[in-house]
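Enquirer: Sending over a structure as structure tokens; questions will come in a sec.
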2 protein chains.
Amino acid sequence: MNGDPAENLLDEGQMEILRMAALCFMERGFAATSIDDVARKLGCTKGRIYHFFASKADLFFSVAEIGMEFNHKAIRSCEHIAAPFDRLRAMALAHSLSMIETRAYQHAVWQGVELHLRGATTPEQRNRLDALIASRDQYSDVFRDVMEQARERGELTYPDAGIARQLMLVALSSPMFWYKPRDAETLDDRIKVARQCVDFALSGLGARPPVKR
Amino acid sequence: MNGDPAENLLDEGQMEILRMAALCFMERGFAATSIDDVARKLGCTKGRIYHFFASKADLFFSVAEIGMEFNHKAIRSCEHIAAPFDRLRAMALAHSLSMIETRAYQHAVWQGVELHLRGATTPEQRNRLDALIASRDQYSDVFRDVMEQARERGELTYPDAGIARQLMLVALSSPMFWYKPRDAETLDDRIKVARQCVDFALSGLGARPPVKR
DNA sequence: GTCTATATACTGATAGAC
DNA sequence: GTCTATCAGTATATAGAC
């Protein structure tokens, strides 16, 4: 993680645990990550982790929830833009950038969503997972709404709205899987990547106003 | 799995195991799936599984390799098409359809690729995994090559070829994550979905010849 | 070929020292 | 707050009966 935006949400002791946990969950996945793995990455024993987090699931959901907070915060900054198409483009860029800059946390979100699709949850996890999915759905709905507004104006054209939204979000989120941070990477580098994702997605939705920058 | 295309590759006894294993790996992921889970889905005990497969990893890689075979076979049927753009479109449709129709196996491929990116492999798995990744890279290169041919002809426009290929394949593969097979589903239903993915991806790549069907 | 043990190892979580 | 020690549960894989 570079310039981790979670710095100022919780006290630093817990944030360091969450940061390393996010890295472990990204590298090996939830099921294959042991608490000892996280402790090893922290350079301590699991006693420290269990002092702050009741269970491995608790730790995982804390990571994923932070990931969704990043996303909501990212697109909130676009609310003031009046024109639907412009707002959508700004949201898309913010989302794609968020995927790059908070990769580890977003992998936890992704795994959580997959867990839900699989229906593989224990009763104790269910409430927490349901809340995460609700947050994800709500987030997704914001995109759907602004997409539909743009379509009504004839600025987008696509047959099925549900599929279009999936394709849009998958494309915009995909950097979290294939983006490799370089050594002396700048914000500008990241923006350039995110922009290509945005152009791809908007063109894919049949953007009428040729995608201007 | 519906009309499973793996039917005629191995003898039916092993194929049934692989089919159920693919389902389990899709539902819970590799790490969270136990051999007993697979056995339970088969309605037998793990003795039967270990008679044919040396280890859980062996079972998993067998599933993933079959998944890649499906893909290679799918795009091989497009080789005869001369015009790059038309060939690309046919390949894209074949790929997207393959993702829908062999979902379970493709989830194993995906997990294998992620395992590789994470570098989380035991020495014994490494060779098998390396081969899987090589197969995936080779497959991916076929797309890259035909994309570049179309770009040279001015039929596609995108800034970075590497990113474009990732976006293309992610969009085309995404149905394996969100496609929900319906009850009385026909081939035509699947084709309709795949087509929207193809149109999205090609338009996203700046297809000049307005995507005709 | 398939099943029934069983050996062996690992992981999540707890309790108590410091 | 963090560490050490430990328990209980579960999973991979094997060996041998049938």
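Enquirer: Restricting the search to the range B:33-69, which residues are within 14 Å of chain A (Cβ to nearest Cβ) and under 21 Å from the mean Cα position of the chain (by Cα)?
Expert: B:33, B:56, B:57, B:60
Enquirer: Now a separate question. On the given criteria, is residue B:116 outside any helix (DSSP H, G or I), under 24 Å from residue B:140 (Cα atoms) and more than 16 Å from DNA strand C (Cβ to nearest atom)?
Expert: Spelling it out, it is not the case that residue B:116 is outside any helix (DSSP H, G or I), under 24 Å from residue B:140 (Cα atoms) and more than 16 Å from DNA strand C (Cβ to nearest atom).
Enquirer: Across the range B:15-32, which residue is farthest from the other protein chains (Cβ to nearest Cβ) among those that are within 13 Å of DNA strand C (Cβ to nearest atom) and free of Cβ contacts under 8 Å to residues at least 24 places away in the same chain?
Expert: Of everything passing the filter in the range B:15-32, B:15 is farthest from the other protein chains (Cβ to nearest Cβ).
Enquirer: In the range A:36-85, how many are β-branched (Val, Ile, Thr), within 13 Å of DNA strand C (Cβ to nearest atom) and touching a residue at least 24 places away in the same chain (Cβ under 8 Å)?
Expert: 1
Enquirer: A further question follows. Can you pull out the helices (runs of 4 or more DSSP H) entirely within the range A:144-213 that have at least 3 residues that are out of contact with any Ser or Thr (no Cβ under 7 Å at 6 or more places or on another chain), more than 8 Å from chain B (Cβ to nearest Cβ) and over 24 Å from residue B:189 (Cα atoms)?
Expert: A:187-204
Enquirer: Return the residues of the range A:113-133 that are over 14 Å from residue A:64 (Cα atoms) and within 14 Å of chain B (Cβ to nearest Cβ); say none if nothing qualifies.
Expert: Selection gives A:117, A:118, A:119, A:120, A:121, A:122.
Enquirer: May I pose another question? Which of (1) away from DNA strand D (no atom under 15 Å from the Cβ); (2) over 30 Å from residue B:25 (Cα atoms); (3) among the small types (Gly, Ala, Ser) does residue A:67 not meet, given it meets every other one?
Expert: Unmet for residue A:67, out of (1) away from DNA strand D (no atom under 15 Å from the Cβ); (2) over 30 Å from residue B:25 (Cα atoms); (3) among the small types (Gly, Ala, Ser): (2).
Enquirer: Residues B:36, B:86: which one is modelled with pLDDT of 95 or more, of a type in the set (Asp, Glu) and within 14 Å of DNA strand D (Cβ to nearest atom)?
Expert: Result of the check over B:36, B:86: B:36.
The values are calculated or read from the model by the stated rules, or taken from the named source; none is laboratory data. The model shown is predicted, which means the values in this text are computed figures rather than measured ones. Because the Cβ atoms are built from the backbone with ideal geometry, glycine has one as well, and the counts that use them run over all protein chains shown.
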